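Enquirer: Quick one: this structure, given as structure tokens, is what I'll be asking you about.
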Amino acid sequence: MNEKPFRVVLVGCGGISRTWLRATAVFPDLAYVGLVDLDVAQAERLRAEFGLEGVAVGTNLADMLRQTNANIVFDCTVPEAHAAVTQTALAHGCHVLGEKPLADTMANAQAMVAAAQASGQLYAVIQNRRYLDDIVRFRALVQSGELGQLTTLNADFYLGPHFGGFREAMDHVLLLDMAIHTFDQARYISGANPVAVYCHEWNPAGSWYAHGAAAVAIFEMSNGVIFTYRGSWCAEGLNTSWECDWRAVGTGGTAVWDGGSTLHAEKPAGRDSFIRPVQPIALPPLQKLPHSGHAGVIADFLAALHGEPAPQTTCTDNIYSLAMVHAAIESAKNGRRVLIEEVIGQHNSLPITVY
Ligand SMILES: NC(=O)c1ccc[n+]([C@@H]2O[C@H](COP(=O)([O-])OP(=O)(O)OC[C@H]3O[C@@H](n4cnc5c(N)ncnc54)[C@H](O)[C@@H]3O)[C@@H](O)[C@H]2O)c1
């Protein structure tokens with residue numbers, strides 16, 4: 001039996017699991033004790049690829065948790081499996097860090113959050129796009145007051161990846177599988193929670209996805225900010241970054257960020273012309289995070305198990321990002337403005353994190 005403080009069973013040994021295994025190589029307190037996949041060959045392949053000889057492999061999470069002394073489950077399965085995996089792991093006394101999206105449906109999300117709260121164990125979600133040096137700097141600029149009071153936040157996402165696999169078959173592919181990142185980023189940047197959304201979703205001519213490869217959404221946020229999203233996963237040429245092209249407009253100036261290393265901000269330099277002259281706004285310094293991407297979320301998750309505060313993406317907070325997705329889907333289906341509290345239901349009294 002492994003005696004390290006963090007003993008992990010990883011479930012779902014597909015594409016993203018490799019990112020997790022690379023990310024966790026820097027945490028000496030953590031050891032893998034089991035790998036689970038419905039297709040055992042996937043688990044065996046992953047074990048061989050990462051030199052994890054001696055780590056158990058299997059097809060059933062509950063059996064694996066009974067035969068190992070795991071205290072953490074990493075959930076890298078497909079979205080429809082997240083609810084069952086998380087609830088099984090919590091029921092066996094494990095803390096859970098799972099891939100986005102938290103769940104495929106709000107009903108499953110609510111059951112998972114309730115199970116985590118009842119168990120007293122930690123359940124958090126990977127939202128790796130919060131843990132990038134450049135978004136931390138963009139957010140610091142927006143939150144510094146240099147733009148005045150934030151009024152408007154826009155995000156554009158135009159990419160044309162050919163994934164194959166579950167994404168090309170699923171419904172609402174852009175909103176459910178990708179926009180969750182952008183919506184969560186919008187909450188992080190604006191420091192606000194969603195109130196309502198109007199969304200139009202469609203599958204453009206030529207799309208190689210079965211459903212919903214494009215969407216436009218207008219969110220009203222709790223601090224009065226309007227957040228707009230335009231996205232497509234079947235747009236080839238002149239691509240944005242995966243982190244989106246952003247524009248933040250405040251009462252005192254504007255900033256644009258390309259999701260990478262380019263950030264510009266300007267404010268008026270005078271008061272007496274039709275279009276006023278502008279001057280650059282000094283940018284906050286770019287600071288290197290100790291861990292970025294997946295490793296950043298995992299570091300905060302492990303720190304919380306060592307007694308530090310709950311991670312930013314703890315389930316009671318992350319359900320608000322998921323609610324943005326499901327409210328957008330509901331709006332697109334019914335052609336009307338949807339209140340976030342309509343989809344978050346019984347959990348509308350959950351604590352709200354102010355970053
Ligand atoms: N954070 C990110 O940037 C990021 C990037 C890619 C994928 N993801 C997320 O990661 C998850 C997995 O995506 P992927 O691209 O690795 O998919 P994938 O299809 O490559 O791998 C999923 C694996 O899970 C296994 N699986 C499915 N249901 C299972 C179950 N009930 N028990 C055990 N194993 C099960 C499948 O057999 C498969 O091997 C999704 O939720 C996806 O949205 C996140």
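Enquirer: Sort Asp272, Asp258 by Cβ crowding within 10 Å, fewest neighbours at the top. It would help to have the intermediate numbers written out before the result.
Expert: Numbers: Asp272 6, Asp258 17.
Going from sparsest to densest Cβ surroundings: Asp272, Asp258.
Enquirer: With r defined as the distance between the Cβ atoms of Lys333 and His162 and R0 fixed at 25 Å, what FRET efficiency is calculated, to the nearest 0.05?
Expert: 0.40
Enquirer: Another question about this same structure. I need Trp20, Trp242 ordered by Cβ neighbour count within 10 Å, fewest first.
Expert: Listed from fewest to most nearby Cβ atoms, that is Trp242, Trp20.
Enquirer: Further question on the same structure: Rank Ile340, Ala282, Ala303 by how far each Cα sits towards the positive end of the charge dipole of the chain (+1 on Lys, Arg Cβ; -1 on Asp, Glu Cβ) and give me just the farthest.
Expert: Of the candidates, Ala282 comes out farthest on the positive side.
Enquirer: Fully extended, how many nm does the chain gain between Thr152 and Asp133 (0.36 nm per residue separation, minus their Cα-Cα distance)?
Expert: 4.6 nm
Enquirer: If you take the C-alpha gyration tensor of region 6-125, multiply each eigenvalue by 5 and take the square root, what semi-axes do you get, largest first, in whole Å?
Expert: Computed over region 6-125, the values are 22, 15, 13 Å.
Enquirer: Here's another thing I want to ask about it. Pulled fully out, how much extra length does the chain show between Glu53 and Leu289, if you take 0.36 nm times their separation in residues and subtract their Cα-Cα distance?
Expert: Taking 0.36 nm per residue and subtracting the Cα distance, the gain is 81.8 nm.
Enquirer: Filter the chain for me: DSSP H helices, axial length by Cα at least 18 angstrom, mean Kyte-Doolittle hydropathy not below -1.0. List them by residue number.
Expert: 106-119, 315-334
Enquirer: Further, regarding this structure: If you place +1 on the Cβ of every Lys and Arg and -1 on the Cβ of every Asp and Glu, how big does the dipole about the Cα centre of the chain come out, in debye to the nearest 20?
Expert: 580
Enquirer: Please give me, ordered by residue number, the chymotrypsin sites (Phe, Trp or Tyr not before Pro) of region 137-204 that lie in loop per DSSP and have at most 13 other Cβ atoms within 10 Å.
Expert: Phe163
Enquirer: Note down the magnitude of the dipole of region 258-315 about its Cα centre, charges +1 on Lys and Arg C-beta and -1 on Asp and Glu C-beta and zero elsewhere, to the nearest 20 debye.
Expert: Using only the charged Cβ atoms, the result is roughly 220 debye.
Enquirer: Turning to a different aspect of this structure: Of Pro311, Pro79, Pro161, which is the most mobile in a GNM of the chain whose springs link Cα atoms less than 10 angstrom apart?
Expert: Largest GNM mean-square fluctuation: Pro161.
Enquirer: Please give me, ordered by residue number, the GluC sites (Glu not before Pro) of region 1-92 that lie in loop per DSSP and have at most 13 other Cβ atoms within 10 Å.
Expert: Details: sites: Glu3, Glu44, Glu49, Glu53, Glu80; in loops: Glu3, Glu53.
Here the sparse-neighbourhood loop sites are Glu3, Glu53.
Enquirer: Quick one: dipole size for region 9-90, taken about the Cα centre, charges +1 on Lys/Arg Cβ and -1 on Asp/Glu Cβ, in debye to the nearest 20.
Expert: With only Lys, Arg, Asp and Glu charged at Cβ, the dipole is about 120 debye.
Enquirer: So if I take the centroid of the Cα atoms in region 220-279 and the same for region 157-203, what is the distance between those two points in Å?
Expert: 19
Enquirer: Turning to a different aspect of this structure: Could you state the number of Å between the C-alpha centres of region 20-47 and region 48-87?
Expert: One Cα centre to the other: 8 Å.
Enquirer: Sticking with this structure for a sec: Can you give the log10 of the normalised intensity I(q)/I(0) at q = 0.13, 0.15 Å⁻¹, computed with Debye over equal Cα scatterers of the chain?
Expert: -1.04, -1.34
Enquirer: Sorted from fewest to most neighbouring beta carbons within 10 Å, what does the list Ile218, Ile275, Ile329 look like?
Expert: Ile275, Ile218, Ile329
Enquirer: Here is a further query. Mind listing which GluC sites (Glu not before Pro) in region 148-247 are in a DSSP loop and have 14 or fewer other Cβ atoms within 10 Å?
Expert: Glu236
Enquirer: Can you tell me which of Leu238, Leu61, Leu153 moves the most in a GNM of the chain? Springs connect C-alpha atoms under 10 Å apart.
Expert: Highest fluctuation among the options: Leu238.
Enquirer: How big is the Kirkwood radius of region 203-269, worked out from every pair of different alpha carbons and given in Å to one decimal? Before the final figure, lay out the partial values.
Expert: Values: mean 1/r = 0.0702 Å⁻¹.
Roughly 14.3 Å, rounded to one decimal.
Enquirer: Another question, if that's okay. Among His211, His82, His172, which one shows the highest mean-square fluctuation when the chain is modelled as a Gaussian network with alpha-carbon springs under 10 Å?
Expert: Of His211, His82, His172, the most mobile in the Gaussian network model is His211.
FYI, it's all coordinate maths here, none of it is from the lab. Predicted model only: the values in this text are computed from it and were never measured. Backbone-built Cβ (ideal geometry, glycine too); neighbour counts: all protein chains shown.
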